[in-house]
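Visitor: Take a look at this one; I'll ask things after.
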Amino acid sequence: MIDFISKFYEKAMEECNKVEIISVDSNDIFFLIRELGLLGSTNNPLLAPYNNLVKGLLSKTYKNPKKEFTFSELQKLTRTEKKISSILEPFKNVDLLEIVIQTDPVERKIILNPLFQKFSDVFNKQVNTGSNLENQEHEKTARTLLGLITLQLFYDYINDFNDDKSKVIRTTWIKYLFLFITVYFKNTSFNESNIDLFLKKRKISPTARELFKDLLKNVHPSYYHKMIKDTNIRKGPGMIDGELLFEFTGEFINGINQIRDYTLVRTLEREN
């Protein structure tokens, strides 16, 4: 699965860089990125500073050509005491921005790169056709951008397990890993027992497990995701009477299959 995530990251960046205008509904890869960001924005204190910065930057650049910010300006947007330099790292690694040293006076500046501008352009267009900044369509862009940041954090984590900064993403990583693995091995559904078994084995707390299941059940109207098309109470082999069976949507399955095929093609190219 480490290779799968690496290829997901590679494919995501390929898709972002090859288009002039990003349409967050244009293909299954962007769908996967957006759903990643949606789960990351829900009851997740770890990703909250990144989510706040994403939304803050999109709001700040709405109808505003400003592309330069100071560290102190962005620190306020994160609404956290966590150092801004640490929060900016995945934004920089995914090429959304760069940090430059300005002289006279000496000051560090953050410059927004063209990739961020692509997201900003679609956000501005959505705001212009909606009623306010919290419109669901606008949220799609913010969630897709957060998904890209989350994917970068995952990529950093799998490439340096011993990095203390990466370890803090572990719980979030394991939750997503369950969903990826389930579809990767050609399963179209799973039950609550499957979730508990997978997460408990990896020492995820009962509270975190229940929050994850509630999120998958779409009990939060403000964070409605489209990974699960249906939840049914069913009886079957290995299932507890009355427990829920979750069925993946076609978009989520297609997105995972695309990454699997992309991984296979890249492996064959490497071997030849």
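Visitor: If I stretch the segment between residue 213 and residue 59 completely, what's the gain in nm (0.36 nm per residue apart, minus their alpha carbon distance), one decimal? Could the numbers behind the result be given before it?
Guide: Details: separation 154, 0.36 × 154 = 55.44 nm, distance 3.15 nm.
Result: 52.3 nm gained on full extension.
Visitor: Same structure, new question: Give me the net charge of residue 196's neighbourhood, meaning all other residues with Cβ under 15 Å from the Cβ of residue 196; Lys, Arg count +1, Asp, Glu -1. Walk me through the numbers before you get to the answer.
Guide: Numbers: positive: 175, 200, 201, 202, 203, 209, 213, 217; negative: 192, 210, 214, 243.
Residues close to residue 196 contribute a combined charge of +4.
Visitor: If you take Rg and Dmax of the Cα atoms in Å from the coordinates, which of (i) 17.1, 50; (ii) 19.7, 66; (iii) 19.3, 71 do you get?
Guide: (iii)
Visitor: Distance in nm between label sites at residue 170 and residue 103, each 7 Å beyond Cα in the beta-carbon direction?
Guide: For the pair residue 170/residue 103, the computed spacing is 4.6 nm.
Visitor: Give me the net charge for the shell around residue 37: Cβ to Cβ below 10 angstrom, other residues only, Lys and Arg +1, Asp and Glu -1. Show your work: numbers first, answer last.
Guide: Values: positive: 34, 140, 143; negative: 35, 139.
Charge balance in the 10 Å sphere: +1.
Visitor: Now, a different point. Relative contact order for the stretch 1-160 using alpha-carbon pairs under 8 Å, separation at least 6, rounded to a whole percent? Could you put the intermediate results ahead of the total?
Guide: On the way: 183 pairs, mean separation 57.6, N = 160.
36 percent.
Visitor: Could you tell me which of 101, 36, 62 has its Cα farthest along the dipole of the stretch 1-107 towards the positive end, charges placed at Cβ (Lys, Arg +1; Asp, Glu -1), taken about the Cα centre?
Guide: Positive-most Cα among the choices belongs to 62.
Visitor: Please sort through the DSSP H helices of the chain and keep those with an alpha-carbon extent of at least 30 Å along the long axis and a Kyte-Doolittle average not below 1.0.
Guide: Working: long enough: 136-159 (34 Å, -0.21); 250-271 (31 Å, -0.61).
The qualifying helices: there are none.
Visitor: Hey, in the GNM for the chain with a 10 angstrom Cα cutoff, which one of 48, 208, 142 fluctuates hardest?
Guide: 208
Visitor: Residue separation times 0.36 nm, minus the C-alpha to C-alpha distance between residue 76 and residue 187: what's the value?
Guide: Roughly 35.6 nm would be gained on extension.
Visitor: A further question on this structure: Got a sec? Charge dipole of the stretch 1-46, +1 on Cβ for Lys and Arg, -1 for Asp and Glu; which of 27, 45, 12 is way out at the positive end?
Guide: Of the candidates, 45 comes out farthest on the positive side.
Visitor: Pick from 185, 30, 123: which residue has the top mean-square fluctuation in a GNM of the chain where Cα pairs under 10 Å get a spring?
Guide: In the Gaussian network model the winner is 185.
Visitor: To the nearest 20 debye, what charge dipole does the chain have about its Cα centre, counting +1 at the Cβ of each Lys and Arg and -1 at the Cβ of each Asp and Glu? Intermediate results must be reported in sequence, preceding the final value.
Guide: Numbers: 39 positive and 36 negative charges, 103 e Å.
Here the chain has a charge dipole of around 500 debye.
Visitor: What does the extension gain come out to for residue 200 and residue 269, with contour length at 0.36 nm per residue minus their alpha carbon separation?
Guide: Numbers: separation 69, 0.36 × 69 = 24.84 nm, distance 3.78 nm.
Length gained, residue 200 through residue 269: 21.1 nm.
Bear in mind these aren't lab numbers, they're just calculated from the coordinates by the rules spelled out. These numbers come from a predicted model, not from an experiment. Glycine gets a Cβ as well: all are built from the backbone with ideal geometry, and neighbour counts include every protein chain shown.
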